[in-house]
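Readers should treat all values here as calculations from the given coordinates under stated rules, not as data from a laboratory. Predicted model, so just to flag it, every value in this text is computed and none were measured. Cβ placement follows ideal geometry from the backbone for every residue including glycine, while neighbour counts extend to all protein chains displayed.
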Amino acid sequence: STLPKEVAAEGDSGNGGGQSEEERRLIDICNSTLKRVRKPYDIETIELACPITTGKFQNIVLIQELRRFNDMIGRIRKTLYALTLALKGGVVLTSELDSIASDILQGQPPEAWMKVSYPTTKPYGSFITDLVRRLDVFDKWVETHNPEPVCWLGGLFFPHSFITGVLQRHCRNNPGLTIDKLRWDNNVCDVDVQSVQTRTEAAEGWYFGGLLLEGCRWDPIARELREAKPGLLTEPLPIIHLFPVKIDEVLADIDDQFVGEGEVSEEEVASTSTLSRFGMRVPVPPPQPQSLGSSMGRTNSLLGRRPSLSAHHFATLKQNADALDSSMVVRAGVAKELAASKTVQKRHAYECPIYRTGARRGVLATTGHSTNYIMRVDLPIARNSAAAHWTKRGAALLTSSNL
């Protein structure tokens, strides 16, 4: 059954004069839902306790989230109350109320609620349980005036606002930085929720939990993605730490010149295709067909962040490379310089997208963000595994399951 156990039990025990069994069951479901879903928040009182004028992004996100939830739970409570009266003969049963009654009996959240709801693919019973859980999180946030150290990303009505707020806080703590000069980095943590809860908050960035892997699983020993176990649709991902890092200014200037992304080794740097990633036009003779195939295969099998070089370092490398005529010297010299660069990223990872629901589709909102897609994170994969393999597997992170 898609209805909560307590709701189904109440539906079987209800009785009333002149009403059908279906109507009595529907009244019991409405009454049970009204008891579980709290009344709208008192925004004015909460604003006094958590003023947005302090510049604390958590307070701004809290007020915005509560206003959205107020619209949603206000619509739910109003329609359920009206439906109960209509079933008892107190008011006229309108077409909207009739549609809501039909959706509830079919075990689906009413379409009228979805217009003011967050994206979800859950049936009615799971939808109400999930909503109550979200409201419990915000009840605690209001009580303590702070979000939890491990943020449940799926519990936010608009997760992009919290993520952007973390970036803004980082910029305020580091004068001279702007959001457009930052990008996200991440680490999958070994710690559990309880140990993180003892901390106030991450020094940089934030901890996020409650994410589900679909199409793969996380190996806590190897600390990389593995094939999903048979019969399991989703598996939880451990707590992930998202933190902002500075984008190298050179990458912003020459971004259009890059033709690929990947991890850089000395052998790859010596290849013509890898040198072109840095915008260099080096007269390197093409390798033999056999080595060309192996080099391209190795390059295409790697996925990571773009290597970033300082402006001075990049200019020096390019000038030296253009000045050299010997292909062997060019290969050895550039490979040595790039291998010594501390800013070259060595992570072999899959850029895993995060979706709010398993539907993996959405529309572009007025804010410029997708209603379903959130962002991408780098999840390590085996050295002999290609990122394209996990793309074909449809590997992704979900903030909410379908059940």
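If you plug the beta carbon distance of D71 and E351 into 1/(1 + (r/R0)^6) with R0 = 56 Å, you get a FRET efficiency near 0.95. A straight line joining the Cα centroids of region 358-403 and region 87-142 runs 27 Å.
Counting Lys and Arg as +1 and Asp and Glu as -1 over every other residue whose Cβ lies under 14 Å from the Cβ of F158, the net charge comes to +2.
Hey, with R₀ at 25 Å, roughly what FRET efficiency would R360 and R383 work out to, going by the Cβ-Cβ distance, to 0.05? That gives a FRET efficiency of 0.30.
Summarising the amide proton neighbourhood of E224: residues at separation of 5 or more, or on other chains, whose placed amide H is nearer than 5 Å comprise D219. Dipole check for region 47-176: with +1 at the C-beta of Lys and Arg, -1 at the C-beta of Asp and Glu, and the Cα centre as origin, the magnitude is about 260 Debye. Taking each residue as 0.36 nm, the span from N146 to E227 lengthens on full extension beyond its C-alpha to C-alpha distance by 25.4 nm.
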